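Sharing a structure with you now.
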Amino acid sequence: MKLHFRFLHIIFLSGFTILTACKNEVEPEFNPSARGRLLLEFDNVVGTRDLELNRGVYRNAAGEEFSVSQLQYYVSNIRLRKTDGSEYVVPQDSSYFLVQEHKPETHIIRLSVPQGDYAGVSFILGVDSLRSTMDISRRQGVLNPTDMSREEGMYWTWNSGYIFLRMEGTSPQIAPDPSGNRRFRYHIGGFGGGFGTPPVRTINNIKTITLSFGRDIAKVRNNSTPQMHIIGDVLKVFNGSTTISLAQNPTVMFSPFSVNVANNYANMFEYHHMHTIVGR
Amino acid sequence: MKRTAFFALACVLLAAAVVVSCGQRDVNPMIEVSTPPHFPPMIYDLNKNPVTQAGFELGRALFYEGQLSRDGTVSCGFCHQQSAGFTHHGHDLSHGVDDRLGKRNALPIQNLAFYRDFMWDGGIHDLDLQPLAPIENPVEMDESMPNILEKLRKHPHYPRMFERAFGTPEITGERLLKALSQFMVTMISANSRYDQYLRGETQLTADELRGLQLFKQKGCDHCHSGGLFTDQTYRNNGLSLAFNQDVGRYEITLNEQDKYKFRVPSLRNVEVTRPYMHDGRFRNLEMVLDHYSEGMEDIPTLDPLFKRTDGKRGIPMTAEEKRLIIAFLKTLTDETFLHDKRFSEPE
């Protein structure tokens, strides 16, 4: 999604909303026991610019230039907050999604939810600890550790845990590795598994993200499907409570330092705007 | 009289033949996996993966299948050899495809149904998920599961074997892993001369009995305890860090106090699993015992059991005591297990 399109979109949509508003003065009735659709769209950006894999060159708060070659993360355990304060919890077995920047079809998460008025969403960036220890038969779809290529893998085989967010790229400020590449690799995970008795917990990088739709109300109806546009800002992975230098930390995986990265990315998401698609 | 007997015999044989042929076609009998009397309770949940004859046979074929590696040369059995108690015979660090060296000494495949965690550092908590580690490790099999599944789907025999084991010929990662587990949980070693002695079936020699006594007196059984000869805890036994800074358990827990700790290894079949320790630094049991008596380094995480009141470290032992302890350790060799045809490479 390009930024300059967003303006047109908004103009177009507001026109559209006015038109539809004129047509139906009265809110259409809905049946709370009937279902409808709600879409969450994840649009990854770098500050004010669109994220362009491999091509875009950006600068972080440490003053380093960087490009991103890969970005993927899990979105799971989705809950939707209604305007009346109640919550709809997406059934756990169908609440795991993998957003992959290089696969546009993964940017939109399609949920089937009860019809109603929704005011916000929360989700886990990553995979909850319970699922991380379940039998292999309960890890289907994007969680299936036997269905991942090495390049896109989101599972640490030696440490039995999921990678929550995986971002790779290059920066001219990073010292070259033996093959001459100036690469950074951020594979962040850690579900806080317990070891020993009494259990000593390992690092827990599970982050729950809660977003309000602000003044927007996502009205899920028979013939109305709201699409909530969420921005994920890659810059915030480096710029946050810790300013992270790529030159100093070209590789961050399962280590105490990863906690700083996770604390930063916990703030990378922002609700931006809504489109309403007529129909389902 | 003779003729009726002959007729009856023929009938019985015919019936048996029918039963056998039916058995081959439709019936997939269960294999019972039971806990030997002096073992801790089983941890692997057989209900989620009941062991059947066909599942076991599939697991066995997969265990010895080179196609699980990138270049077709390295099977699980390549590093886990039966004659060496299912370890990598004579290798301190196992090597995989292109002879690339790993960083640790292969562990034996035995009695795994009774373990909570796997590997020297205990990083894997479910036996079903263990095979993914060697398969994807660039210095071991260097392959990916999606590739392996594609290779097996095109194979002349595997679709039929998966069908026998799981009802349909579909080849999935879950099925592959569960078949490997069915094979591995069946591999129980509990028939060493020591086991036979516990069951009152045989006698140990006077030396071996003295060795057993010393094994307890010297406190070896604090850590190498119970029927498995391990309490499955993670400890540091004072191996010098001069050549190898593998931090072990710390990689999993990121807890400073776990630096340089490794899972206490079982001592079953220890006679044939040399070399010893997580990096295979000791060629023989004599060197191991010399380490316990004289070779221990003062590492901050050294187990308190090795700290002596006189400020020295280790377990004092005379040469004779070491000889006797080794004589006892050799009673843990299970010839039945090491030669069990069910676990060897299929013809």
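Read the figures in this text as sums done on the coordinates, not as results from a lab. Computed from a predicted structure; not experimentally measured. Virtual Cβ from ideal backbone geometry, glycine too; neighbours counted across all protein chains shown.
So what is log10(I(q)/I(0)) for the stretch A:139-197 at q = 0.20 1/Å, when the Debye sum runs over its Cα atoms only?
The Cα Debye sum returns log10 ratios of -0.85.
Next up: For the residues A:Met167, A:Met253, A:Met274, what sequence is obtained by ranking on other C-beta atoms within 10 Å, fewest first?
Fewest-to-most Cβ neighbours within 10 Å comes out as A:Met253, A:Met274, A:Met167.
Tilt of helix A:3-23 relative to the longest C-alpha principal axis of chain A, in degrees (0 to 90, nearest 10)?
Roughly 20 degrees between the two axes.
Turning to a different aspect of this structure: Please list the non-local residues whose amide H lies under 5 Å from the amide H of B:Ile124, H modeled 1.01 Å from N, same-chain partners needing a gap of 5 or more.
Residues meeting the criterion, in which the H sits 1.01 Å from N, are B:Phe118.
For the protein assembly as shown, evaluate the Debye formula with one uniform point scatterer on each Cα (no solvent term) and list log10 I(q)/I(0) at q = 0.06, 0.11, 0.12 Å⁻¹, rounded to two decimals.
The calculated log intensity ratios at q = 0.06, 0.11, 0.12 Å⁻¹ are -0.44, -1.15, -1.27.
At 222 nm, what helix-only mean residue ellipticity would chain B give, in deg cm²/dmol to the nearest 500, using -39500 (n - 2.57) for each DSSP H run of four or more?
The helix contribution divided over chain B gives -9500 deg cm²/dmol.
Mind checking the mean number of beta-carbon atoms from other chains within 10 Å of the Cβ atoms in B:147-153?
1
Sticking with this structure for a sec: For B:Gln81, list long-range residues whose amide hydrogen, built 1.01 Å from N in the peptide plane, is under 5 Å from its own amide hydrogen.
B:Phe86, B:Thr87, B:His88, B:His89
So, one more: Which percentage, to the nearest 5, of the DSSP beta bridges contained in chain A is antiparallel?
85 percent
Another one. Run through the stretch A:140-223 and list the trypsin sites (Lys or Arg not before Pro) located in a DSSP loop whose Cβ has at most 11 other Cβ atoms within 10 Å.
When the trypsin sites (Lys or Arg not before Pro) of the stretch A:140-223 are filtered for loop state and at most 11 Cβ neighbours within 10 Å, A:Arg215 remain.
What distance in nm separates the simple spin-label points at B:Glu170 and B:Thr35, each placed 7 Å from Cα in the Cβ direction?
3.4 nm
For B:Lys151, which aspartates and glutamates qualify as cross-link partners when the Cα separation must be under 17 Å and same-chain residues fewer than eight apart are set aside?
A:Asp147, B:Glu65, B:Asp71, B:Glu136, B:Asp142, B:Glu143, B:Glu163, B:Glu170, B:Glu174
Just checking the output field for B:163-175: average partner chain Cβ neighbours within 10 Å of each residue's Cβ?
For peptide B:163-175, the averaged partner shielding equals 2.
Could you tell me what percent of the DSSP beta bridges with both partners in the protein assembly as shown are antiparallel, to the nearest 5?
Bridges in the protein assembly as shown are about 90 percent antiparallel.
If you don't mind, another one. Semi-axes of the stretch B:193-334's equivalent ellipsoid from the Cα gyration tensor, sqrt of 5 times each eigenvalue, largest first, rounded to whole Å?
Semi-axis lengths for the stretch B:193-334 are 27, 17, 14 Å.
Please list, in order along the stretch B:298-315, the HN-Hα scalar couplings obtained from phi with the Karplus expression 6.51 cos²θ - 1.76 cosθ + 1.60 (θ = phi - 60°), rounded to whole Hz, x for Gly and Pro.
Here the 3J(HN,Hα) series is 8, 9, x, 9, 3, 4, x, 4, 9, 8, 9, 5, 7, x, 8, 10, x, 10 Hz.
Going by a ≥ b ≥ c, the root eigenvalues of the Cα gyration tensor, does chain B fall in the rounded group (a/c under 1.5), the prolate group (a/b larger than b/c) or the oblate group?
oblate
Still on this structure, please answer the following. Across peptide B:122-129, what mean number of C-beta atoms from other chains lies inside 10 Å of a residue's C-beta?
Other-chain Cβ atoms within 10 Å of each residue's Cβ, averaged: 5.
Calculate, axis by axis, the spread of Cα positions in the stretch B:110-207 along the three principal axes, and write the results as whole Å, longest axis first.
If we take the Cα atoms of the stretch B:110-207, the spans are 58, 33, 20 Å.
Further question on the same structure: Note down the nm distance, to one decimal, between modelled labels 7 Å out along Cα→Cβ at A:Arg79 and at B:Arg153.
A separation of 3.9 nm, rounded to one decimal place.
Between 0 and 90 degrees, rounded to the nearest ten: what's the tilt of helix B:319-329 against the longest Cα principal axis of chain B?
It is inclined by approximately 20 degrees.
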